[in-house]
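The values are calculated or read from the model by the stated rules, or taken from the named source; none is laboratory data. From a predicted model like this one, the values you see are computed outputs, not experimental measurements. Methodologically, a virtual Cβ is constructed for each residue, glycine included, from the backbone with ideal geometry; neighbour enumeration extends over all protein chains shown. When the accessible area is computed, the model is the full protein with side chains, heavy atoms only, and any ligands, DNA or RNA have been set aside. Shrake-Rupley method; radii C 1.70, N 1.55, O 1.52, S 1.80 Å.
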Amino acid sequence: MNSKDISTGILRAVGYMLGIAILVFFIYKIQSVIVYIAISAVISLTGRPIVAFLRRRLKFNNLLAVAVTIILLLGFIIGLVGLFIPLIVEQGHNLSLLDIDKLQGNINNIYNEAVSHFNVNNFNSGKTLEDSGLLGQIDFSVIPEFLNSVVSGLGSFSIGLFSVLFISFFFLKDSKLFENSLLTLVPDRNVSRVKNSIEKIKDLLSRYFVGLVFQISVIFIIYTIGLLIIGVENAVVIAFLCALINLVPYLGPVIGGCIMILLTMTSNLGTSFSEVILPETVYVLIVIAIGQLIDNFISQPIIFSRSVKSHPLEIFLVIIIAGLLFGIVGMIIAIPTYTALKVILKEFLSENKVVQSLTKNL
């Protein structure tokens with residue numbers, strides 16, 4: 001190898017590295033657009049059954065079916081915002097007007113009643129809290145500032161919402177739009193395999209996302225009924241929030257349960273621990289337990305067996321690994337990504353024994 005070949009190789013390597021750097025920088029700059037496209041893809045996959053129902057059963061044409069689906073989605077988002085804004089405003093107003101001394105007194109009373117109820121040796125909780133300086137360090141004035149930032153962020157949210165709805169409309173209207181764009185980058189010899197993979201992925205993920213909607217709906221109904229029976233304030237909003245957080249595998253139910261208990265206890269701050277707070281907290285725990293039992297033994301098996309067609313242990317390992325590598329976002333996108341990879345592997349490496357074992361149910 002002469003010096004000319006070496007210099008050419010070095011220049012080529014530098015060119016590749018520069019090209020990759022420019023590509024990464026470009027993706028970084030348009031990351032919001034990529035997020036819009038990803039969300040739109042999920043919406044289009046979820047909305048496919050609705051469009052199909054409107055076209056086949058109600059005889060709508062394709063354009064009208066897509067328009068009705070988008071309108072239903074927009075109505076759902078508006079209703080969701082209408083549910084959450086009153087809760088956020090109310091909680092923010094209450095917290096911004098809290099008297100720290102009164103709050104400390106209420107916590108002391110709750111503590112004293114708790115240790116008295118459970119026959120635990122008491123100690124000077126007031127002095128402990130005072131010495132810790134914990135309450136003094138809490139700045140509740142950040143709540144109005146947070147609300148102001150939320151309101152100021154509504155402009156960006158509106159732009160994002162419009163973009164997502166616009167892209168989703170065309171994804172639903174022209175179901176082959178993304179597929180045709182992708183096929184332009186695929187060599188001719190692999191076109192048929194890529195087409196088969198895309199169709200299979202769309203079918204599986206559509207079932208999966210529809211299953212998630214079913215899962216959220218079941219948990220939401222259980223939580224709502226339970227909280228309404230108990231008499232918790234803002235039961236519908238709290239139930240929906242906790243059901244939505246349940247989308248995060250394994251961690252979601254724990255976080256949602258903690259939020260539900262916290263909101264329930266804070267709504268009764270200053271009341272009797274043994275007569276109000278403790279019984280209501282126990283009832284909330286029972287509601288959470290019932291919802292999770294139904295979700296774990298009925299909803300999730302149906303979703304996994306009929307959509308992604310993977311073994312529960314396989315799903316567990318994939319979610320844990322994705323969570324360790326990419327955090328909460330990785331846990332959320334682990335199952336759709338893994339399902340897509342399995343379909344691609346089966347299409348292109350069907351002779352491999354490991355691939356055959358992983359994809360035997362696809």
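I'd like to know if region 329-347 contains one or more residues that are open to solvent by 50 Å² or more (accessible area, probe 1.4 Å), at pLDDT below 80 and over 18 Å from the mean Cα position of the chain (by Cα). Within region 329-347, not a single residue is open to solvent by 50 Å² or more (accessible area, probe 1.4 Å), at pLDDT below 80 and over 18 Å from the mean Cα position of the chain (by Cα).
Of the helices (runs of 4 or more DSSP H) lying entirely inside region 174-252, those carrying at least 2 residues that are modelled with pLDDT of 80 or more, of a type outside the set (A, V, I, L, M, F, W, C) and within 30 Å of THR281 (Cβ to Cβ) are 191-230. For region 312-319, state whether one or more residues are over 21 Å from the mean Cα position of the chain (by Cα), open to solvent by 80 Å² or more (accessible area, probe 1.4 Å) and closer than 22 Å to MET260 by Cα. Checking region 312-319: not a single residue is over 21 Å from the mean Cα position of the chain (by Cα), open to solvent by 80 Å² or more (accessible area, probe 1.4 Å) and closer than 22 Å to MET260 by Cα. Taken together, the residues in region 33-77 that are under 23 Å from the mean Cα position of the chain (by Cα) and farther than 24 Å from ILE198 by Cα amount to 7. Applying a threshold of 6 Å to beta carbon distances and a minimum spacing of six or more residues, or different chains, the list of pairs starting in region 177-193 at a residue that is at negative phi and ending at one that is open to solvent by 40 Å² or more (accessible area, probe 1.4 Å) and among the charged types (D, E, K, R) reads ARG193/GLU347.
Just one of the listed residues (ILE27, ILE6, ILE39) is touching a residue at least 60 places away in the same chain (Cβ under 8 Å), open to solvent by less than 100 Å² (accessible area, probe 1.4 Å) and part of a helix (DSSP H, G or I), namely ILE39.
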